[in-house]
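Heads up, the thing below is written out as structure tokens.
The values are calculated or read from the model by the stated rules, or taken from the named source; none is laboratory data. Only a predicted model underlies this, so the values are computations on that prediction, with no experimental measurement involved. Neighbour counts run over all protein chains shown; Cβ positions are idealised from the backbone, glycine included.
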Amino acid sequence: MDRPVTRRCMPLRINGETVQPAFAAHKTLLEVLREDLGLTGTKHGCELGECGACLVLLDGEPVLSCLLMPQDCAGREITTIEGLRDGPELHPLQRAFAELGAAQCGYCTPGFLLAAKALLDREPQPDRARIVEALSGNLCRCTGYLKIFEAVERARDALSAAHTAEE
Ligand code: FES
Ligand code: FES
């Protein structure tokens, strides 16, 4: 006889909204995002903390959702790739990735975009070495990385120009 699955229900703050999913208690944050909340932009890769495909932001810091339980996120703000756009506008990182062809199959792209956002939010003028270091936990099998680094630099410059224009 199958054992009944223990379920849990708890509020989570995701992309500026509070949601209350009910989910099997053994599920990781990655599984709850994808399977119970339909936020499939967060990708399912190695599930071992090695590829970065599942990266989301927790209070603005990059974390690997395959290694986190939803309970670890209680009272904290989770940002997934679905929350990166600013209304109808693409984030400058998304625009730069599209313009420079930094996404090919795209499987790694959400993780790269969010890792790059965390970097640019805390350090607006990173040089190439800092960008490479900040993205070193994310693996890409398609692009050879160069276009990704160039796209982050283009977004950095666009954000910096927008900031200067506001002053
Ligand atoms: S799926 Fe989480 S690091 Fe690979
Ligand atoms: S674009 Fe395919 S894995 Fe990165």
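Results for (1) over 21 Å from T40 (Cβ atoms); (2) in contact with a Leu (Cβ under 9 Å, 6 or more places away or on another chain), shown as yes or no for each residue.
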residue	(1), (2)
P62	no, yes
C73	no, yes
R76	yes, yes
L114	no, yes
E150	yes, yes
T164	yes, no
Exercise. Can you give me the number of residues within region 126-141 that are exposed (fewer than 14 other Cβ atoms within 10 Å of the Cβ) and within 16 Å of ligand 2 (Cβ to nearest atom)?
Key: 2
Quiz prompt | Exclusive hit being more than 16 Å from the chain's Cα centre (by Cα) and modelled with pLDDT under 95, set E99, E133, E123, E89 | solution = E89
Practice problem: Go through region 1-31 and count every residue that is β-branched (V, I, T) and closer than 18 Å to T79 by Cβ. | Solution: 4
Exercise. For A96, indicate whether it is farther than 17 Å from A134 by Cα and surrounded by fewer than 15 Cβ atoms within 10 Å (Cβ to Cβ).
Key: no
Practice problem: Using the structure shown, decide if G111 is assigned to a loop (DSSP other than H, G, I, E, B) and either within 16 Å of ligand 1 (Cβ to nearest atom) or at pLDDT 95 or above (or both). | Solution: no
Self-check item: Matching option when the condition is assigned by TED's automatic domain parsing to the domain that holds G106 and under 19 Å from V56 (Cα atoms), among L146, L120
Solution: L120
Self-check item: Lone unmet requirement of (1) of a type outside the set (F, W, Y); (2) away from ligand 2 (no atom under 16 Å from the Cβ); (3) at pLDDT 95 or above for H163
Solution: (3)
Quiz item: Just to be sure, is A116 part of a loop (DSSP other than H, G, I, E, B) and buried (at least 22 other Cβ atoms within 10 Å of the Cβ)?
Solution: no
Quiz prompt | Answer from L33, L39, L48 - the residue that is not aromatic (F, W, Y) and not in a loop (DSSP other than H, G, I, E, B) | solution = L33
Self-check item: Tally, over region 143-157, of residues that are in a helix (DSSP H, G or I) and without any contact (Cβ under 8 Å) to a residue 24 or more places away in the chain
Solution: 3
